[in-house]
Amino acid sequence: MVKLCLFFLFLMAAVCLHAGAQLQYEAKSHDITISLESLLPMIKLKEAYVNNFKSYEEALKIQLKQVHLAIKHAEDLLSALTAKPGHNLWHQFRLIRHMYWDWPQYLKLMKKVLGSKEIAMSQSRLHEQPTGIDFEEALGAIYKLQTVYSLDPGDMAGGILRGKRYSRKKWGPSECFMFGLVNLYIKHYETAEYWLELALFYYDAHRNQKQFDTMVMKYITILEMLVEATKGFGRFSASIEHAHEVLSIQPDHQYMLKQLSKLQLLESQPFKRAQPEEDVLHLHNLKTLCAMSYPRKVNDVHCRYLRSTPFLQLAPIRQENLDNEAHVYLYHDLFNHEEIEALKSLARPKLKRQKISSNFTCKIAQLSNSAQDIIRTVNRRIQDVSGMDMNEKEMLQVVNYGIAGRYDLDDSAGSAATALIFMSNVQQGGETVFPFLSLRVKPQKGSLLLWRNTDWSVLHNSCPLIIGNMWVATKKLN
């Protein structure tokens with residue numbers, strides 16, 4: 001039985017069990033959780049692995065076909081010999097020739113090493129696989145989404161997020177088991193039990209349960225964790241029931257035999273519930289901000305078309321005043337698709353990992369003002385609508401989000417205003433909220449959100465991305 005205090009050791013063992021050599025790569029991350037752009041090469045790697053497995057399968061099929069032919073040849077000869085033993089000259093010679101000539105070839109066939117090319121290919125690309133850091137960050141990201149948006153584990157596993165069904169493949173017992181372990185470790189026992197019960201359900205429903213024999217997670221492992229989860233919040237009768245099921249599978253399970261007597265004793269005593277682990281990701285405030293209702297103040301919203309510069313006279317831009325007193329504006333369709341794609345292309349090779357915290361789960365590219373024509377176009381367009389000078393020393397930041405991605409802008413550096421360009425539409429999440437202004441702004445591709453950093457009323461937060469490939473660009477203004 002794996003003790004909970006060794007949870008992460010267990011987790012890392014699970015990640016690396018298939019290839020011990022991968023341990024040497026565990027110190028780095030491929031950033032696949034914090035940026036969807038970094039995840040794309042992983043999809044190509046998976047495709048290469050699938051093709052590699054197919055090649056290995058083909059080698060096995062050829063070998064198996066040769067074995068079947070050898071068996072058939074030997075059985076045909078044996079059948080003829082047993083029908084009339086010793087009475088047929090031709091059969092006698094065939095037997096001697098077969099035993100002398102064919103069987104050594106069969107032995108060579110049995111000794112043949114298969115898949116050496118495919119094994120070498122897999123070994124050579126181990127350094128490209130997700131690392132322990134990548135896996136931990138992915139677990140943390142899903143935990144963040146579940147916590148901030150109060151997502152139901154059953155819905156999540158079934159491909160439903162906030163009431164909307166997505167055409168994604170459902171999670172199976174392995175994924176549910178992992179999130180059960182995460183919640184078990186931080187003492188969220190009821191949620192842990194929910195995830196682990198889902199793991200059992202999907203395990204039972206799986207059409208090929210033998211598949212899990214090659215994995216760390218087995219049926220008995222789920223039951224062991226359910227014993228711990230139900231014990232954690234005082235459901236001792238359920239814990240005893242799970243313990244009995246473990247012992248029905250493995251009667252000499254020493255840990256469970258000891259636990260059973262303890263559980264029976266605990267059932268007769270008053271229960272003192274353990275406190276959950278501290279909210280290390282500081283998600284409580286974020287949950288409050290992103291779950292708040294932000295009723296739209298229709299009477300305070302005004303729209304007009306800007307025609308104040310030569311460019312705007314040729315192509316007027318719709319300005320939506322989201323809050324007149326705090327000077328929060330949304331400029332619709334300020335940038336077209338081609339301009340956005342040019343900016344993305346320039347940013348992609350420059351995307352770098354930032355220090356990961358509850359405020360930053362993304363990759364950022366810093367683009368200087370003189371880098372390309374597209375940067376000058378962006379700066380000029382922002383200047384046209386804002387009427388403010390560009391700080392030549394201030395970089396344009398292009399940001400790409402990953403799973404539960406978010407990026408909170410720092411407006412404390414004395415800039416007069418902040419410009420946020422939405423470079424993509426997303427299906428769910430990723431809103432910018434201004435709690436003191438009762439504003440929630442959804443990403444709209446090509447639009448620019450601009451606010452004056454006049455006082456505390458423009459304090460804002462970014463809500464975690466749920467579904468989509470989100471890109472934004474930011475600029476601080478004088």
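FYI, it's all coordinate maths here, none of it is from the lab. Treat the numbers as computed from the prediction; the structure is a model and nothing was measured. Here the Cβ is made from the backbone with ideal geometry for all residues, glycine too, and neighbour counts use every protein chain on show.
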Candidate lysines for bridging to K210, where Cα separation is under 25 Å - those fewer than 8 sequence places away on the same chain excluded: K46, K54, K61, K65, K169, K170, K218
Residue order, fewest to most surrounding Cβ atoms within 10 angstrom, among L184, L257, L77: L257, L77, L184
Scaled radius of gyration (Cα, divided by 2.2 N^0.38 Å) that segment 286-477 gives: 0.97
Amide H partners (placed H, <5 Å) of G405, local residues excluded: L465
Sequence-distant residues sharing a close amide H with N453 (under 5 Å, placed H): A417, T418
Phi-based couplings in Hz for segment 225-241 (Karplus 6.51, -1.76, 1.60; Gly and Pro marked x): 5, 5, 4, 5, 5, 5, 5, x, 10, x, 8, 5, 5, 5, 5, 5, 4
Karplus-derived 3J(HN,Hα), 6.51/-1.76/1.60, for each residue of segment 59-68, Hz, glycine and proline x: 4, 5, 5, 4, 4, 5, 4, 5, 5, 4
Reachable lysines from K476, criterion Cα separation under 23 angstrom, eight or more residues apart if same chain: K344, K350, K352, K355, K363, K393, K442, K445
Local electrostatic count at V328 - Lys and Arg +1, Asp and Glu -1, tallied over other residues with Cβ under 10 Å: -2
I249, I240 arranged by Cβ crowding within 10 Å, fewest neighbours leading: I249, I240
Contact order normalised by residue count of segment 76-200, Cα under 8 Å, 6+ apart, percent: 14
Amide proton proximity set for Y149, modelled H, under 5 Å, gap of 5+: none
Derived scalar couplings ³J(HN,Hα) [segment 447-461; Karplus, 6.51 cos²θ - 1.76 cosθ + 1.60; whole Hz; x for Gly, Pro]: 8, 10, 9, 10, 9, 8, 8, 8, 7, 5, 5, 8, 4, 9, 9
Fewest-first ranking of I222, I160, I340, I43, using other Cβ atoms within 10 Å as the exposure measure: I43, I160, I340, I222
Candidate lysines for bridging to K144, where Cα separation is under 16 Å - those fewer than 8 sequence places away on the same chain excluded: K187, K287
